[in-house]
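Peer 1: Pasting a structure below so you can have a look.
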Amino acid sequence: MKAVFHIDESDKWAHALANLTNFLAEVPDAQLVLVANGEAITGYTDAKLRTKMQALPQVSFHACQNSMNAHQLTAADLPDYAVVVPAGVVDLAQLQADHFAYIKP
């Protein structure tokens, strides 16, 4: 099973991470991606959220370069496991074209 979780609001991080944890509890071999864009991109700089993300090594965390630019962030500001994608919306569309279910917490 494949799913992409999309967050664009900072206050959705905790909910999204809980959803990812619950999903993996039910489907341990799932292929999961979280795409953060908009203001949610700043969540990658939050130490508490980083700790929770590190507990989910099987999840691929994507960061929108356009949103990073809008919030004056560089790749150096992100954890090393974050994958920078040029445009979050294009990444979301590509993942859905690749048969990832779309989930927006």
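The values are calculated or read from the model by the stated rules, or taken from the named source; none is laboratory data. All values reported here derive from a predicted model rather than from experimental measurement. Reconstructed Cβ throughout: ideal geometry from the backbone, glycine too, with neighbour counts over all protein chains shown. The protein model used for the area step is the full one, side chains on, heavy atoms only, and it has no ligands, DNA or RNA in it. Shrake-Rupley method; radii C 1.70, N 1.55, O 1.52, S 1.80 Å.
Peer 1: Equivalent ellipsoid semi-axes for the range 1-40, as square roots of 5 times the alpha carbon gyration tensor eigenvalues: give them largest first, rounded to whole Å.
Peer 2: Each semi-axis is √(5λ); the values are 20, 11, 4 Å.
Peer 1: Rounded to two decimals, what is Rg over Rh for the range 4-105 when you use alpha-carbon atoms and the Kirkwood radius?
Peer 2: That ratio equals 0.93.
Peer 1: Please list, ordered by chain and number, the residues whose modelled amide H lies under 5 Å from the amide H of VAL85; skip anything fewer than 5 residues away on the same chain.
Peer 2: The list, which skips near neighbours in sequence, is ALA63, CYS64, GLN65.
Peer 1: From the protein chains alone at 1.4 Å, what is the descending order of accessible area for GLU9, GLU39, GLU26, largest first?
Peer 2: Order by accessible area, largest first: GLU26, GLU39, GLU9.
Peer 1: Give me the percent relative contact order of the chain, please, defined on Cα pairs under 8 angstrom at least 6 residues apart.
Peer 2: Relative CO of the chain lands at 37 percent.
Peer 1: Then there is this: R0 = 30 Å: FRET efficiency of ASP11 with GLN31, Cβ-based, nearest 0.05?
Peer 2: The calculated FRET efficiency here is 0.70.
Peer 1: Return the aspartates and glutamates within reach of LYS104: Cα separation strictly under 20 angstrom, same-chain partners fewer than 8 residues apart disregarded; answer none if there are no such residues.
Peer 2: ASP8, GLU9, ASP11, GLU26, GLU39, ASP91
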